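Engineer: Mind looking over this structure? Questions follow.
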């Protein structure tokens, strides 16, 4: 997460990751919620630091000690006082045994204990806990007799519990003490849509202090941690009978839709027409359809780079790539525009930077950690016009700013593409395909809608829902047929 502060941008990516809640909600909108405001940060910090002070923060600390001396005391400080440990999810054997089952109160725990079968007790709980040794990687096998990644393990537990409880229990907490993850079985992509908070950075534990973060920033993320992981967040309250998490997701989705709508408006009203006009001026002899195609490609190169960097699909955390990342240009442009600075009408610093990134992504560059993508979007041969022109900073800077910051409220608010779905960006692309570029009677360039523009160019975007339907109707029957007839492939081979 990046937000305006001091040197204009402060990076909060060190504190959170995952996409269960939008970064804007976690950084700003959550501050108005009573649950966030009710957190006594001084008292909670004191309690957590006391727990951490008595705990050996070492990679050599095993799972049992991490669980008993750190994780469960932290859960207790968050209000979890009723729990059961090691409840078997399997009817037979012990294949699926989460480390803990959390309850709203002693009554719910007593009702669970009244069930003879352990797997039936999960329907009385609020969340399942899986705890690992201190600092154990959460997304890969550790090589120490643990063949399955903890994240994979949690996903398997949630699927099993969701089936067993009929959807009554859908929340999971995965932690190695340092990092705490919140999973929800109802997410569109459970493997990606989690919330991770680095508690070790929030508390400045284990040498993880970040000098760029002041006490106010740490207190904010401590409040977020408490609001999200405390027992009360999982309880249904109020006239709407909703949990804190449900309210938070609704608020985050509202922001996401608003940002996507505003971004779409800016793309159609300013960014696309401005880029098209600049390309036409740089190549006055080029056919208008070539100008249109080049404008579409350039716009989507920018959107891809913004999306890929915000979602860590490009190695923004590595120093060798960081020098070439687009986010530094976003920072500089945003700050200069906020300060009323101007941009050159002849120099093409931003254009050169984007062009270099396009070549790196297309061809690959092992020296900066980028493999060749070969996807076509950045291929020079596909849009030769972009290789023969240069667009000045006076055009590129406002375009990059419009794609990077929402300024409708007067204050620049960073658009984090981690919070925008592929479908939302796809809908922008789909609408753009229906615009054409023409010259009016005075010879001026104009962008206008034309329902035949997409057909004439042969360009189409397939919505995600339609892709899913096609896969369901074509691949699913074939897979089912093969599963029902396992001997068929062998018979064909033998025949």
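Engineer: Among the listed residues 437, 415, which satisfies the condition of being more than 21 Å from the chain's Cα centre (by Cα) and either buried (at least 20 other Cβ atoms within 10 Å of the Cβ) or without any contact (Cβ under 8 Å) to a residue 12 or more places away in the chain (or both)?
Structural biologist: On the way: 415 fails: more than 21 Å from the chain's Cα centre (by Cα).
After ruling out the rest, the residue left standing is 437.
Engineer: Oh, and also: Give the number of residues within segment 304-325 that are in contact with a helix residue (DSSP H, G or I) (Cβ under 8 Å, 6 or more places away or on another chain), in a helix (DSSP H, G or I) and surrounded by 20 or more Cβ atoms within 10 Å (Cβ to Cβ).
Structural biologist: Of the residues in segment 304-325, 4 are in contact with a helix residue (DSSP H, G or I) (Cβ under 8 Å, 6 or more places away or on another chain), in a helix (DSSP H, G or I) and surrounded by 20 or more Cβ atoms within 10 Å (Cβ to Cβ).
Engineer: Turning to a different aspect of this structure: Would you mind stating whether residue 341 is more than 20 Å from residue 416 (Cβ to Cβ) and not in a loop (DSSP other than H, G, I, E, B)?
Structural biologist: Values: more than 20 Å from residue 416 (Cβ to Cβ): yes; not in a loop (DSSP other than H, G, I, E, B): no.
So residue 341 fails the test.
Engineer: Turning to a different aspect of this structure: Residue 181 - would you say it is in the same structural domain as residue 65 (by TED's automatic domain parsing), part of a strand (DSSP E or B) and crowded, with 22+ Cβ neighbours inside 10 Å? Walk me through it before giving the result.
Structural biologist: On the way: in the same structural domain as residue 65 (by TED's automatic domain parsing): yes; part of a strand (DSSP E or B): yes; crowded, with 22+ Cβ neighbours inside 10 Å: yes.
Yes, satisfied.
Engineer: Condition first: free of Cβ contacts under 8 Å to residues at least 40 places away in the same chain and either part of a loop (DSSP other than H, G, I, E, B) or within 16 Å of residue 29 (Cβ to Cβ) (or both). Now tell me which residues in segment 222-241 satisfy that. Even if it seems obvious, please write down each step before you answer.
Structural biologist: Filtering segment 222-241 down to residues free of Cβ contacts under 8 Å to residues at least 40 places away in the same chain leaves 236-241.
Those that are free of Cβ contacts under 8 Å to residues at least 40 places away in the same chain and either part of a loop (DSSP other than H, G, I, E, B) or within 16 Å of residue 29 (Cβ to Cβ) (or both): 236, 238, 239, 240, 241.
Each row is one residue, and each column tells you yes or no for (1) assigned by TED's automatic domain parsing to the domain that holds residue 264; (2) under 17 Å from residue 359 (Cβ atoms); (3) in contact (Cβ under 8 Å) with a residue 24 or more places away in the chain.
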site	(1), (2), (3)
295	yes, no, yes
298	yes, yes, yes
304	yes, yes, yes
318	yes, no, yes
322	yes, no, no
326	yes, yes, yes
338	yes, no, yes
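Engineer: Would you be able to tell me the number of residues in segment 253-293 that are in a helix (DSSP H, G or I), closer than 22 Å to residue 450 by Cβ and in contact (Cβ under 8 Å) with a residue 24 or more places away in the chain?
Structural biologist: 21
Engineer: Has segment 379-386 got at least one residue that is in a loop (DSSP other than H, G, I, E, B) and either more than 24 Å from residue 287 (Cα to Cα) or in the same structural domain as residue 272 (by TED's automatic domain parsing) (or both)?
Structural biologist: Of all residues in segment 379-386, those in a loop (DSSP other than H, G, I, E, B) come to 379, 383.
Now restrict to residues that are either more than 24 Å from residue 287 (Cα to Cα) or in the same structural domain as residue 272 (by TED's automatic domain parsing) (or both): 379, 383.
Yes, segment 379-386 has at least one match.
Engineer: Could you check, for segment 206-221, whether at least one of its residues is in a helix (DSSP H, G or I), touching a residue at least 24 places away in the same chain (Cβ under 8 Å) and in contact with a helix residue (DSSP H, G or I) (Cβ under 7 Å, 6 or more places away or on another chain)?
Structural biologist: Yes: segment 206-221 contains one or more residues that are in a helix (DSSP H, G or I), touching a residue at least 24 places away in the same chain (Cβ under 8 Å) and in contact with a helix residue (DSSP H, G or I) (Cβ under 7 Å, 6 or more places away or on another chain).
Engineer: Any idea which of (1) in contact with a helix residue (DSSP H, G or I) (Cβ under 8 Å, 6 or more places away or on another chain); (2) touching a residue at least 24 places away in the same chain (Cβ under 8 Å); (3) within 26 Å of residue 48 (Cα to Cα) is the one residue 96 doesn't satisfy?
Structural biologist: (3)
The values are calculated or read from the model by the stated rules, or taken from the named source; none is laboratory data. Just so it is clear, the model here is predicted, and its values are computed rather than measured. Heads up, the Cβs are rebuilt from the backbone with ideal geometry, glycines too, and the neighbour counts pull from every protein chain shown.
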